[in-house]
1. Being touching a residue at least 60 places away in the same chain (Cβ under 8 Å), more than 9 Å from ligand 1 (Cβ to nearest atom) and of a type in the set (Lys, Arg) is the filter here; which residues of segment 6-52 pass it?
2. Which pairs have Cβ atoms under 6 Å, sit 6 or more apart or on different chains, and link a residue in segment 171-189 that is farther than 18 Å from residue 32 by Cα to one that is β-branched (Val, Ile, Thr) and not in a helix (DSSP H, G or I)?
3. Considering segment 200-241 alone, what residues qualify as being assigned to a loop (DSSP other than H, G, I, E, B), more than 19 Å from the chain's Cα centre (by Cα) and within 16 Å of ligand 2 (Cβ to nearest atom)?
4. Looking only at segment 1-57, which residues are surrounded by fewer than 14 Cβ atoms within 10 Å (Cβ to Cβ), assigned to a loop (DSSP other than H, G, I, E, B) and hydroxyl-bearing (Ser, Thr, Tyr)?
5. Looking only at segment 199-231, which residues are among the small types (Gly, Ala, Ser) and under 14 Å from residue 168 (Cβ atoms)?
Amino acid sequence: MLTVENLTKRFGANTAVDRASFTVERPMMIGIIGRSGAGKSTFLRMMNRLTDATEGKLVFEGRDVLQLKGSEKRLWQSDCAMIFQQFNLVPRMDVVSNVLHGTLARRGTLATMFNLYPREDIHRAIDILERLGIAAHAAKRAEALSGGQQQRVAIARALMQDPKVVLADEPIASLDPMNAQLVMDDLRRIHDEDGRMVIANLHTLDTARRYCDRVIGMRAGRIVFDGTPAQLTTGVARDIYGAGADFSENATSTEIRDPVATAVIRAAEVAV
Ligand SMILES: Nc1ncnc2c1ncn2[C@@H]1O[C@H](COP(=O)(O)OP(=O)(O)OP(=O)(O)O)[C@@H](O)[C@H]1O
Ligand SMILES: [Mg+2]
């Protein structure tokens, strides 16, 4: 389904992603972990064609993604929706319009300029908001919503594209534990119920373990681990994060169910 072969991105002398290779046979929920600067975001950005790869190949269902140009590239970007840590909504625009923006790739410029959306698209947007439990906020400005609600609007916008793949770059890094859990539950449902592939960069080990079928560990641009959550032992995690013998899982772990512990861990992370 997805084949990544020697995917490489260099910024000058710095190699952000270094000959990354892996294959995915069926839609899965995949977590990518690794310390800051490991190349996680750069990988997602290459996959979505937000940035060009220096070398390598990425084939999705027979599509040679890195070679796509013009309308084919835009079609791919609509099949491969992206969710960001900072939500990237239009703050002053209402929630439904933000969600309808997900149809932008396949709409004409004029219709977009005048905010003209087909009635069936509006209905679909509302249905998606309902599915995510935030339809009551449909008419509010995006900026009036909590972070967790805004991230769910971003997920709704992604779903509006009816994507085959959902890429999420640290989707819960700015959220409190409760909202983090809701957003991860939504991403998991999108995978389970719709059969979409989800690839999420995650900054916490336990989130990757709890929600993903497969975890890819990156270190200095290389894939140094590719396996199941069960195979992701403390020793392996220590390797991925390049930590010493004093490595504690908590140092990279946000305990979703326990806000106090999370606050303590966050404080510890800041101190490091
Ligand atoms: N636009 C850019 N120009 C130059 N260097 C870049 C650019 N984007 C990323 N890099 C470099 O590439 C490397 C990988 O960065 P990337 O953002 O992919 O890491 P990351 O794993 O997502 O880290 P984080 O957990 O902090 O988000 C880093 O050394 C970074 O400085
Ligand atoms: Mg990143």
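Read-outs throughout are calculated quantities, based only on the coordinates presented, and are distinct from any laboratory measurement. None of these values were measured; they are calculated from a predicted model. Cβ sites come from the backbone with ideal geometry, for glycine too, and all protein chains shown count toward neighbours.
1. Answer for segment 6-52, where residues must be touching a residue at least 60 places away in the same chain (Cβ under 8 Å), more than 9 Å from ligand 1 (Cβ to nearest atom) and of a type in the set (Lys, Arg): just 19.
2. 177/256
3. Of everything in segment 200-241, just one residue is assigned to a loop (DSSP other than H, G, I, E, B), more than 19 Å from the chain's Cα centre (by Cα) and within 16 Å of ligand 2 (Cβ to nearest atom), namely 220.
4. Correct list: 36 only.
5. Listed by number, the residues that qualify are 200, 208.
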